[in-house]
Each structure stands twice: as structure tokens, then as C-alpha cells.
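Presented below is the structure to which this report refers.
The values are calculated or read from the model by the stated rules, or taken from the named source; none is laboratory data. These numbers were taken from a predicted model, which means no experiment stands behind them. Ideal geometry is used to build each Cβ from the backbone, glycine not excepted, and the neighbour counts take in all protein chains shown.
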Amino acid sequence: MRFRTRVFTLFLLLAVFSSLLVAAFMYWPTHRLFFDLLRTNVLSVAATASAMLDPIEHEKIQTRPDQETPAYDKLEKQLRKARDANRRQDFNIKYIYTMRPYAPDPRTAVFVLDAEENGPDKSNVGDTYKSQNPNYKIRFNDYQADEEMISDQWGTWLTANAPIRDAKGDVVGALGVDVSASEALARLHGLLWNAAFALAISIIVAYLLASIASNRLARPLVTIRNAVERITAGDFTKPLQLDSKDEFGEVAAALDKMAVGLQQREDLKNALTRYVSEDVLNDVIYAGKSGDLFSQRKKVTVLFADVRGFTTLSEQLSPEETVSLLNDYFEKMIEAVFKNNGHLNKFMGDGLMALFGALRDDDYQEEHAIQAALDMRGVLCELQKKWSTSQNEARRTLTDLRIGIGINTGLAIVGNIGSKQRMEFTAIGDAVNLASRLEHATRERGVDILVSEYTYVTARSRFPFETAGEIPLKGKSESVRTYTIKPTV
């Protein structure tokens, strides 16, 4: 997330949080007061209505046919009178009814009276009521009002109950009063709308102020970011134009100094890459490993590649064409080495020497060296196709160009060799000499790749080797068994 976005978000969140906090402090006490008043009113209606009813007449109503008796009609009219008297705009009773206990279950009661007119919502004598709330119990012995809205099969309500007592003080039933939650909550929602409107206004103002503040704070960072992008792209010449005396100004000054140092470092790198391998250069300059490049004995795989008969073929080309040809050739060959974790050690005329596992330990150096050789073979085929379509007649003759590659694995002295004035990272030893002699032997064997047995043993399961016989090599008392990989058709 951008700094400007974070600052903007922080300002906006602080403003929204403050507004919400104020709205909450205003809304919840008002909500609590409103609910307590509503609860008190419902309980008062229930207590008053229960006192109006005759408990003796109420006890006469036991079954459904009792609804047709004068006692039921009298009590029903009393309930309706109490209901209608309390159906006001500020307080609207929805239902008023009486119940008696249902002994087997304290959450279940039986309806006796219901002031509702005949219709689907009217409860008849003997109908049972069971709350859907598992924590709700109908209490008949005292006055009660819900501490929160209760939901049942008829909707969501605020309910109050009051006991109906006979002359002895015994409870013969309870009177219930229901206020629809939708009507009560509608009034509470009016408070929420007012709070929401005030919150919306504060958010709009906060948005404008946060935009102004974040833009002013982020402007120096944008300038610094653009400068860093220029430096990343290699442009170290343009200084930052930041007129600021704070920490941003200090960062800008430090970046200007860094750009000067990077320019000097880039100039040094460009000069050194003309003389040393870029792998070594990266380790010395970027990784700071110059002190680690001491000479040591280690296992390496050495690859020599040379163009056969290039001297004769180059006589048909001008010096400029010869250099262009070599550049095309070496560019592709070097890519094959690098792609397989190899290290280009040196050029030798129209040949090259590459090391695998010398600069960095490589458990698969044999396979990488052989794969690099196969890639070189493929690259040469592509170059030959390119030359065959050349407009230059001399270049078209280069389609017969061939290479020889020798690969050997063994111990060698690897590291910095030379003097304090001029050092070269390379490998020397018998393993290197053997790889060079294998490359020369490719001419005699008529193959383009020769691999020593030392390399073959490790990589034999990865490539389709063919034996190339034992080759007596100069300076060796025993012949060296060699292998090749035939080109696929």
C-alpha cells in the first residue's frame, strides 16, 4: 500500500472512528432509555388489565365451547377495551391475552382469552403457546417484562406478563401484552438514521481533509520515488529537486550521494568486464567475496570447445565479417554455458574453456557440462540454418562449420592465479589438460563430443552415451576410455 494511501486511510479511519464513537455514545443511552420506557409501559398495561379481570369468571373458561358463554364475551370485551385504549401512535399494543400454566413444560402455556377479533391470528381456548427461545420461561407468579425482544412463530415482540389472582391470592392465570418489535424498532431506527446522516457528513469532511493532508505529506515521497526509479534504470546523472529541510530533504541528499557512488561503481564494472568474467566480477563487487576466492583443490568438470577449420574458412571473409561471425558464435555458445550453471573461463582464438562446479559447488556439474555441450550442438545447427540463408556467399559456405567438444571431470587447482597486478580466476591441473586433449581427439574419432570415463560414470543414466573406444593421450601411460553422444536425426 502506498504511503499516501496509508496516510489518507489513517486520517479517514480516525475521523470515522471518532464519529462512530460519538454516535455510539449518543445512540446507546438513548436506545436503553427508550427500551426501558417501552418496557415499563407494557408492564403497566399488563398489570392494569390483569387487575380488571374477574378471576372467578376467568376460571369458568376451560374448553373451546366456553368461548360462546357470557363470561368469555364479558372478559373478551374488557381485554379489547384495554387493548384499544393503548393503541396510540407512540405506543401500540398488538396483542393482549390470558394464559394458564401447562404443567409438563415450563416453556409452554395454554391460551384462555384473546382480544384479537376472529381471524387467523386469534388464539382459541386450549391452544398451546411454546416459546422458540430455549432460555425463555413463562412465569405466572410475578410481574415480568422481557429484557430483550423475543421471537416466536408469530414474529418478534416485546412482551410483559402480569399474574391473575383470585380472592385467596392464588394465581389462576397470567395476562400477556405484546408490542410488535417492528413498530418499536422503527422509532429506534429513526435515531440510527440521524446518526448515519451525521456520520456521512463527517466522513465527507474527513475525506476532503485526509486527501489534502496525504497529498502534502506524500509529495516529497513521490519525488524521491521517481528519483529511485531513475537510479534503478541506470540514470545516475539527474539530482533530486527537493526543497525540503526535514527528513525528506536528508533522504534526498543521501540519494544524490548514492547515485554518484553507483555511477562510479558502474563505470568500474564496465571497465572490468572487458578483462574478467562477469561471474567473478559479480562475486567480487556485488557479493563481496574477493577474500574467498583463494586457490584450492576441488572437483571440477572442464569443457573445451573449438571450431574445426575456422582459420581456413575465415580466409574467405573480411576481418569485419570474421569478427561478426565469431561474435554470433560465441554469444550463443556462452548462453549455453550460462544456462547450465557453467562459468566461462577464457577464450582461446576460436575456442573457449568453461568450468562447471569451480566458482560454486555443483552436485550435478557433470550433467550440466554434458547438457551444455548438447545445447552447443543445437546452437550450431541454428547458426548454420541462419548462415545458409545469408546474402553473403562466403557466409553460406560456413554451413559446413563443425565444432569439437571435450569434457572431463577431476581434481584441479581452482582459484586466483597470477600476481597482485593481474589475477585470473581459472583452473589448472591434469583434469584440465585431459579435457583439452579430448577436444583435439574429436577430429580423429570423427565425432563432435568426447566425454571421459570420469564424467561418464556420474552422468551415464541421464544421456544416451555410446562408447568411442580407448584413446591413447600424450603424457598418459594408460589409454583413456571415452564416450560420445550421437546426434539425433
### Query
Just wondering, is there one or more residues in the stretch 309-328 that are in contact (Cβ under 8 Å) with a residue 24 or more places away in the chain, out of contact with any strand residue (DSSP E or B) (no Cβ under 6 Å at 6 or more places or on another chain), within 25 Å of TYR454 (Cα to Cα) and not in a helix (DSSP H, G or I)?
no
#### Entry: Any hit, the stretch 82-96, residues being in a helix (DSSP H, G or I), out of contact with any Leu (no Cβ under 9 Å at 6 or more places or on another chain) and free of Cβ contacts under 8 Å to residues at least 12 places away in the same chain
yes
### Task
Residue by residue through the stretch 437-462, note down the ones that are surrounded by fewer than 18 Cβ atoms within 10 Å (Cβ to Cβ), touching a residue at least 40 places away in the same chain (Cβ under 8 Å) and under 49 Å from the mean Cα position of the chain (by Cα).
THR458, ARG462
### So ALA358, is it modelled with pLDDT of 75 or more and either among the basic types (Lys, Arg) or not in a loop (DSSP other than H, G, I, E, B) (or both)
no
### Task
Can you run down the residue pairs with Cβ atoms below 6 Å, 6 or more apart or on separate chains, where the first is in the stretch 1-22 and under 18 Å from THR223 (Cα atoms) and the partner is in a helix (DSSP H, G or I) and at pLDDT below 75?
PHE3/ALA218; PHE3/LEU221; ARG4/SER214; ARG4/ALA218; VAL7/SER214; VAL7/LEU217
### Message
So in the stretch 304-345, with the set limited to residues that are of a type in the set (Val, Ile, Thr) and touching a helix residue (DSSP H, G or I) at 6+ places or on another chain (Cβ under 8 Å), which one is surrounded by the fewest Cβ atoms within 10 Å (Cβ to Cβ)?
### Response
THR322
### Task
For the stretch 417-436, indicate whether the set of residues that are surrounded by fewer than 22 Cβ atoms within 10 Å (Cβ to Cβ), at pLDDT 90 or above and of a type in the set (Ser, Thr, Tyr) is non-empty.
yes
